[in-house]
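Structure first, then comments.
The values are calculated or read from the model by the stated rules, or taken from the named source; none is laboratory data. Just so we're clear, the structure is a prediction, and the values are computed from it rather than from any experiment. Glycine also receives a Cβ, built like all others from the backbone with ideal geometry; neighbour counts cover every protein chain displayed. Accessible surface is based on the protein model in full, side chains and every heavy atom, while ligands, DNA and RNA are left aside. Shrake-Rupley method; radii C 1.70, N 1.55, O 1.52, S 1.80 Å.
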There are 2 protein chains.
Amino acid sequence: MKLPRAVQNLIEKFEKLPGVGPKSAQRLVFYLLHNPDHELEDFAQKITALKKNTVLCEHCHNVSESNPCSICGDPSREVEVLCVVEQPLDVIALERSNSFKGKYHVLHGSIAPLNNIGPDQLFLHDIADRLEGVTELIIATNPTMEGEATALYISEYLATRGAGANKVTITRIGHGLPIGADIEYADGVTLARALEGRRKL
Amino acid sequence: MKLPRAVQNLIEKFEKLPGVGPKSAQRLVFYLLHNPDHELEDFAQKITALKKNTVLCEHCHNVSESNPCSICGDPSREVEVLCVVEQPLDVIALERSNSFKGKYHVLHGSIAPLNNIGPDQLFLHDIADRLEGVTELIIATNPTMEGEATALYISEYLATRGAGANKVTITRIGHGLPIGADIEYADGVTLARALEGRRKL
């Protein structure tokens, strides 16, 4: 038995989403089939509105309702510290920690040659234009192979652009054991980084 | 920092889907943000089309492009056997097994008092109208509490409607160890049902 075309079409759409396999896509679509028409219309309308009603801030490239975004336009944020992150969700996570009062720069990815993503596919080179008045640049890309490569690339790129002459200190966000973790179960690389990053009590 | 309204709206929509938590909903929405506009339009259009381009077959209530559906309208299917299932996906699974040539009846759920789903919320009572010429009714609801209750309800309902007088044998799909399973790891209830359902070699 073949599925109705409309069902199959939507399953294929859901399958393309990250973390959604063929089985879950099927389950989601059959769940939607039990929703009333106006719910589906509403869902569809909200997908269409997603990009229409959001912009990328021209300064930090974060997803926002306004340009400049609420953080870049906030005069109470420190201008001396700039924090480079991979994704808008990273900004949300850092804001939730309540421990960073500077501004952000969102790359929208990391350098990943296997996926054909190089520095030119990211909002990377314009970091150099944002260093006016900045004394510290915190590179908070993920502690993954791609994130580390991106961090290294940024620091080298800025060095060639003479960021050192502008007295910008480039730092990397700290790595080590997450709070609540168990040393017994920590992996070797994390432990090595935690030892490297040890601090005086 | 607050998320843009359009982003938040869509996250809430995704959160309502089964098996999608707040974190995955966030990830899905930010993934969609990186899609081109026409992709989003297409996704939205396919959600709207889902119910517009499908109907429920008036006989078996399966989701279909035509009414009657391709199975009910197929003269080569046996009319003597009717198989009652909970969901359209169960029809697909049974069809894939290539071992049932009769027709189906889709309940669209199972009796679940905790979720306020009683027999009247299901396509249940009209099974009685489909027994013309049927000699065996296979109840293939899930082997869960709700599925078992539904099976019991159907057999008792049909008994009061005099299905026995029509010579309809009501059977339940077999329960036991799935093929490829390991007796060592099987749970007690499954093993008990497997022993009950033993057959002569």
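Quickly run through segment B:73-99 and pick out the residues that are under 16 Å from the mean Cα position of the chain (by Cα) and of a type in the set (A, V, I, L, M, F, W, C).
Hits for segment B:73-99 are B:L82, B:C83, B:V84, B:V85, B:L89, B:V91, B:I92, B:A93, B:L94.
State yes or no: is A:N115 modelled with pLDDT under 90 and within 28 Å of A:E156 (Cβ to Cβ)?
Working: modelled with pLDDT under 90: yes; within 28 Å of A:E156 (Cβ to Cβ): yes.
Spelling it out, A:N115 is indeed modelled with pLDDT under 90 and within 28 Å of A:E156 (Cβ to Cβ).
Just to be sure, is A:L82 more than 7 Å from every other protein chain (Cβ to nearest Cβ) and in contact with a Leu (Cβ under 6 Å, 6 or more places away or on another chain)? Even if it seems obvious, please write down each step before you answer.
Working: more than 7 Å from every other protein chain (Cβ to nearest Cβ): yes; in contact with a Leu (Cβ under 6 Å, 6 or more places away or on another chain): yes.
Yes.
When you scan segment B:47-60, do you find a residue that is more than 10 Å from every other protein chain (Cβ to nearest Cβ), of a type in the set (V, I, T) and within 26 Å of A:A6 (Cβ to Cβ), even just one? Walk me through it before giving the result.
Narrowing segment B:47-60 to residues more than 10 Å from every other protein chain (Cβ to nearest Cβ): B:57-60.
Going one step further and asking which of them are of a type in the set (V, I, T), we end up with none.
Taking every residue of segment B:47-60 in turn, none turns out to be more than 10 Å from every other protein chain (Cβ to nearest Cβ), of a type in the set (V, I, T) and within 26 Å of A:A6 (Cβ to Cβ).
Step by step: first the residues of segment B:73-115, then only those that are of a type in the set (D, E) and without any contact (Cβ under 8 Å) to a residue 40 or more places away in the chain, then the one that is nearest to A:L33 (Cα to Cα). Which residue is that?
Selected residue: B:E95.
Restricting attention to segment A:17-35, report how many residues are facing chain B (nearest Cβ under 9 Å) and under 25 Å from B:V91 (Cα atoms). If you could, list the steps in order and put the result at the bottom.
Here is the first cut: in segment A:17-35, the residues facing chain B (nearest Cβ under 9 Å) are A:17-20, A:24, A:26-35.
Then drop every residue that is not under 25 Å from B:V91 (Cα atoms), which leaves A:20, A:24, A:26-35.
Of the residues in segment A:17-35, 12 are facing chain B (nearest Cβ under 9 Å) and under 25 Å from B:V91 (Cα atoms).
Here's the yes/no breakdown for (1) closer than 20 Å to B:E78 by Cβ; (2) touching a Ser or Thr at 6+ places or on another chain (Cβ under 7 Å); (3) of a type in the set (D, E):
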| residue | (1), (2), (3) |
| --- | --- |
| B:I127 | yes, no, no |
| B:G133 | yes, no, no |
| B:I138 | yes, yes, no |
| B:E146 | no, yes, yes |
| B:I173 | yes, no, no |
| B:G180 | no, no, no |
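Go through (1) within 18 Å of the chain's Cα centre (by Cα); (2) within 22 Å of A:K167 (Cα to Cα); (3) among the acidic types (D, E) for A:E136 and report which single condition fails.
(1)
Quick one: A:A194 ticks every box in (1) assigned to a helix (DSSP H, G or I); (2) closer than 15 Å to A:L107 by Cα bar one, so which box is it?
Of (1) assigned to a helix (DSSP H, G or I); (2) closer than 15 Å to A:L107 by Cα, only one is false for A:A194: (2).
If you scan segment A:102-153, which residues turn out to be assigned to a loop (DSSP other than H, G, I, E, B), open to solvent by 70 Å² or more (accessible area, probe 1.4 Å) and out of contact with any strand residue (DSSP E or B) (no Cβ under 8 Å at 6 or more places or on another chain)?
So the first thing to find is which residues in segment A:102-153 are assigned to a loop (DSSP other than H, G, I, E, B), and the list is A:102, A:107-111, A:116, A:118, A:122-124, A:131-135, A:140-144.
Still in the list and also open to solvent by 70 Å² or more (accessible area, probe 1.4 Å): A:116, A:123, A:132, A:135, A:143.
Those that are assigned to a loop (DSSP other than H, G, I, E, B), open to solvent by 70 Å² or more (accessible area, probe 1.4 Å) and out of contact with any strand residue (DSSP E or B) (no Cβ under 8 Å at 6 or more places or on another chain): A:N116, A:E132, A:P143.
Is at least one residue of segment A:125-141 among the polar types (S, T, N, Q), out of contact with any His (no Cβ under 9 Å at 6 or more places or on another chain) and closer than 18 Å to A:V106 by Cβ?
yes
Only one of (1) over 25 Å from A:R27 (Cβ atoms); (2) in a helix (DSSP H, G or I); (3) of a type outside the set (D, E, K, R); (4) in contact (Cβ under 8 Å) with a residue 40 or more places away in the chain is not met by B:L158, so which one is it?
The one condition B:L158 does not meet is (4).
Of the numbered conditions (1) modelled with pLDDT of 95 or more; (2) farther than 17 Å from A:G73 by Cβ, A:D120 satisfies every one except a single condition; which is it?
So the condition that A:D120 fails would be (1).
Can we say A:E95 is farther than 20 Å from A:T135 by Cα and either part of a helix (DSSP H, G or I) or open to solvent by 30 Å² or more (accessible area, probe 1.4 Å) (or both)? Outline the logic, then answer.
Values: farther than 20 Å from A:T135 by Cα: yes; either part of a helix (DSSP H, G or I) or open to solvent by 30 Å² or more (accessible area, probe 1.4 Å) (or both): yes.
Criteria met by A:E95.
For segment A:155-189, how many residues meet the condition of being more than 30 Å from A:H125 (Cα to Cα) and open to solvent by less than 90 Å² (accessible area, probe 1.4 Å)?
The number of residues fulfilling the criteria is 8.
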